[in-house]
Amino acid sequence: MDKLSQDSAPIMEALKQFRRMRVVPFDVPGHKRGKGNPELTEFLGERCLSVDVNSMKPLDNLCHPVSVIEQAEALAAEAFGADWVFFMVGGTTSSVQAMILSTCQKGDKIILPRNVHRSAINALILSGAVPVYINPQFDDRLEISLGITLGQVEKAILDNPEAKAIFINNPTYYGICSDLQAITDLAHQHGLKVLVDEAHGTHFYFGKGLPLSAMAAGADMAAVSMHKSGGSLTQSSFLLLGPTVNKDHVRQIINLTQSTSASYLLLASLDISRKRLALGGEEIFAKVCEMTQYAREEINQISGLYAYGKELINGDTVFDFDITKLAVNTSGLGLTGIEIYDILRDEYDIQVEFGDIGNILAYVSVGDCYKDVERLVSSLSEINRKYRKERNIFCYHEFISPQVVLSPQEAFYSEKVSLPLAQSASRVCGEFVMCYPPGIPILAPGEEITEEIVELIRYSKEKGCSLTGTEDIEVKYLKVLKGE
Amino acid sequence: MELWYSEMHTKNVQFGIKVDKQLFSGQSEFQRIDVFESPEFGRFLTLDGFMMLTEKDEFIYHEMIVHVPMAVHPSPKKILVIGAGDGGVVRELVRYPDVEHIDLVEIDEMVVEVCKQYLPLTASKLDEERVHIHFQDGLKYIRKCENEYDLIIVDSTDPFGPGEGLFTKEFYGNCYKALKDDGIMVNQHESPFYEEDAVAMQRAHKRIVESFPISRVYQAHIPTYPSGHWLFGFASKKYHPIRDLNIPKWKNLGMKTGYYNSHLHIGAFALPNYVEEMLRDVE
């Protein structure tokens, strides 16, 4: 295979070539370049439908790439400084699951911060691995979880020398980074694989002056949400591998659950976005940093709002901070983040990424411009003028340090009964309860439910958090393990 | 040779002016700016291809956006003008000797430069000493103003492109805050006639109604704007556009105008039924 340069996009080029060939489709998809579904074609556009095609020789096959997909993956690996990159079409959820499933088997221990995304704990249900949680310190003023410290990691490893892997958020949704380099080195000294959730860290690979990326730290695998800061289509993602990982084994793991009809729209979007980042990423993220920094300074002139930044860095629980994250603490206005999130959407036609009890997060990316940043800042200043309330600071935690009684898999597959929330305390939970976004579980399967946790769920509901994860859509009942 | 400027007023309606020659074409940081010379309308300015003003009919727009609030407010001294880099609003404002201070906030410096060079008819008073020009996003500028102005005139482009932020609730809310207790805000309110313009008009009206206790709409006939039927918004904290109109005082100024007069002032607030209905729908 000739080495291609970063300005090529092999999947896109193959699709363009394929479109020119005007091949008569007697294969799937049945819409046949859109002709069989005029309304869909009108809505999405003929150009889009004409490349919604099936795997075939000139377009390669994601399950077993040997030509253009393989070339595109090699280019992505080069761009990210990884040993290999897999193109993923099941969201970063699928990348996270592939990392865990390829390193942990049933009964293996994995060290994770408790503020992981549910996709990581889902992977534990699939693999049967047992979580060893590190509880990151909670910042009472900002009402967010901070990073995990080297000391916490060391203790977890010494207490669980047989652990197979450690899982790290880089960064958290709010932009907090742990000391990835030191943790990676320590974990490797003890023979653990280092798996990094970089769902919110694509830009670390391209921007200047941003926190360290997983591959640069020598981590073994990283899950990168290209569709977040990378600009590709929703649901497309990268799984990056370091040199110590057997990529053929990982591919087999991916193929356990991955679609055999991967969308070429997603694949092409990954290919094109990789090209864009490789060629212009530094400039793009310099602009994003500049815009976010500007917004932060303007927002911080509004009394009652605190858009935090690098001043949080303390070399320990906040080892580094991703300044592209525009998280704003709202408690000084006497309003919850959820309330502001709703006001922004309903009254000002502005959709932010999420609001939780104490914060909102505005996602600033390659697609934004100053004009829109002005709208956000001005709306926040209006909310301060019109909605401000005198109210006490909330006492809220993202989660309460859980007691893990059973492995998530064991709990998930155990016999369960449904109990009203109020009566569920002291039982073992059989399902997830979380606010989404950010999607960090309050309860995961196998964890003991306490009065305090029941109270947190009640409080989150009352504050208008969108609670998910439970079988009962209204979260009035919880599935708990039977026979205790 | 026939050279025509054309603008799509809707997907299915095209408006055209025969052009003699193009005087200027340039791309600023924000938009494309063109100035043409035409036999029928004289010189005219377009932004991103959309008609902004012609020498022949600009007086209608500028008189109506300025004299209506000026004849109502008892003593407008400090005035903020947003947009309006062509200088037409300022030209009308500086005719009032009692006006002390005018801040003009225009996002695009090139518009001002081009108008000074090619459209002296509107831009001639931009260098007047009472006029202070700020090249900034209007939304950003006004965020920091509180209880400062007697009158705000929002001479925006359309609600898409660089002027988008000037049709938002946060902008009108900030205008409210920037005005004194008896302040007035007047804005370019789009047209009620073609559907797309009408939707923009209703959205703007809804947001103004939510921000100001008094909010009325008046109309003018502007031949080169889509449908020719154009609206302005009159939003105010205290003064009513007709009940507080001081006709003798305005007449005393002895100002010569081409379109505006006191009868027309009152009449302009009488709207066609279909427009009244559209406004009521969002009030």
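For B:Tyr149, nonlocal amide neighbours, meaning residues 5 or more places apart or on other chains whose placed amide H falls under 5 Å from its own, are B:Leu179, B:Lys180.
Peptide A:372-382 has a mean of 6 when you count, residue by residue, the C-beta atoms of other protein chains within 10 Å of its C-beta.
With a Förster radius of 45 Å, plug the Cβ-Cβ distance of B:Leu253 and A:Asp342 into 1/(1 + (r/R0)^6) and report the FRET value to the nearest 0.05. For B:Leu253 and A:Asp342, the calculated efficiency is 0.35. How far is helix B:273-282 tilted off the main Cα axis of chain B, in degrees rounded to 10, range 0 to 90? Result, in degrees: 70. With 0.36 nm allotted per residue and the present C-alpha distance subtracted, the A:Ser303-A:Lys208 stretch has 31.1 nm of extension available. Sorted fewest first by neighbouring Cβ atoms within 10 angstrom, B:Trp230, B:Trp250 come out as B:Trp250, B:Trp230.
Estimated at 0.36 nm per residue, the fully extended path between B:Glu29 and B:Lys237 surpasses their Cα-Cα distance by 71.3 nm. With viscosity 1.306 mPa s and temperature 10 °C, the Kirkwood radius over alpha carbon pairs of the protein assembly as shown converts through Stokes-Einstein to a diffusion coefficient of 54 µm²/s.
Counting only DSSP beta bridges whose two residues both lie in the stretch B:58-282, roughly 40 percent are antiparallel. Ignoring lysines fewer than eight residues from A:Lys106 along the same chain, the ones with Cα atoms less than 28 angstrom from its Cα are A:Lys155, A:Lys164, A:Lys193, A:Lys247, A:Lys416, A:Lys479, A:Lys482. For A:Asp60, nonlocal amide neighbours, meaning residues 5 or more places apart or on other chains whose placed amide H falls under 5 Å from its own, are A:Val68.
Mind telling me which of B:Arg95, B:Arg243, B:Arg43 comes out most flexible in a GNM of chain B, alpha-carbon contacts under 10 Å? Maximum among the listed residues: B:Arg243.
Residues of the stretch A:45-65 with an amide N closer than 18 Å to a point placed 7 Å from the Cα of A:Asp27 along the Cα-to-Cβ direction: A:49-65. Scanning chain A for long hydrophobic helices, with DSSP H runs required to stretch 20 angstrom or more by C-alpha along their axis and to average at least -0.5 on the Kyte-Doolittle scale, returns A:264-299.
Taking amide hydrogens as placed 1.01 Å from N in the peptide plane, the amide H of B:Ser38 sits under 5 Å from those of B:Asp20, B:Arg43, B:Phe44, each at least 5 positions away in sequence or on another chain.
Rounded to the nearest 500, the 222 nm mean residue ellipticity of the protein assembly as shown from helices alone is -10500 deg cm²/dmol, with -39,500 (n - 2.57) taken per DSSP H run of at least 4 residues. Computed packing ranks the peptides B:253-264, B:29-40 as B:29-40, B:253-264, most packed first, by mean other Cβ atoms within 10 Å.
A straight chain from A:Ile313 to A:Glu462 at 0.36 nm per residue would run longer than the Cα-Cα distance by 50.3 nm. In loop segments of the stretch A:316-408 as defined by DSSP, the GluC sites (Glu not before Pro) with at most 15 further C-beta atoms inside 10 Å of their C-beta are A:Glu390. Taken residue by residue and averaged, Cβ atoms of other chains lying within 10 Å of the Cβ of A:344-354 number 2. Taking label positions 7 Å along the Cα-Cβ direction at both A:Asp140 and B:Ile214, the computed distance is 5.2 nm, reported to one decimal. Of all DSSP bridge pairs formed entirely within the protein assembly as shown, close to 65 percent run antiparallel.
Applying 1/(1 + (r/R0)^6) with R0 = 41 Å to the Cβ-Cβ distance of A:Gln423 and A:Asp248 gives a FRET efficiency near 0.25. Restricting attention to the stretch B:141-263, lysine pairs at least eight places apart or on different chains and with alpha-carbon atoms under 26 angstrom apart total 25.
On a 0 to 90 degree scale, rounded to 10, what angle separates helix B:169-178 from the longest Cα axis of chain B? Its long axis makes an angle of about 50 degrees.
Spin-label model, B:Asp127/B:Asp48: points 7 Å from Cα along the beta carbon direction are separated by 3.2 nm. Mind giving me the FRET efficiency for B:Glu146 and A:Leu4? R0 is 41 Å, r the Cβ-Cβ distance, nearest 0.05 is fine. Efficiency at R0 = 41 Å is approximately 0.10.
Modelled spin-label separation between A:Lys482 and A:Cys48, with each label point placed 7 Å from Cα along the Cα-to-Cβ direction: 4.7 nm.
Reducing the stretch A:200-238 and the stretch A:443-459 to their Cα centroids gives an inter-centroid distance of 33 Å.
Rounded to the nearest 10 degrees, the angle from helix B:195-211 to the longest Cα principal axis of chain B is 30 degrees.
Inter-chain Cβ neighbour count for B:166-172, averaged per residue, equals 5 (cutoff 10 Å, partner chain atoms only). Checking every one of the chymotrypsin sites (Phe, Trp or Tyr not before Pro) in the stretch A:1-77 against DSSP loop status and a limit of 13 other Cβ atoms within 10 Å picks out A:Phe26.
Here, each number is a calculation from the coordinates, and none is a lab measurement. As the structure is a prediction and not an experimental result, all values here were calculated from the model. Reconstructed Cβ throughout: ideal geometry from the backbone, glycine too, with neighbour counts over all protein chains shown.
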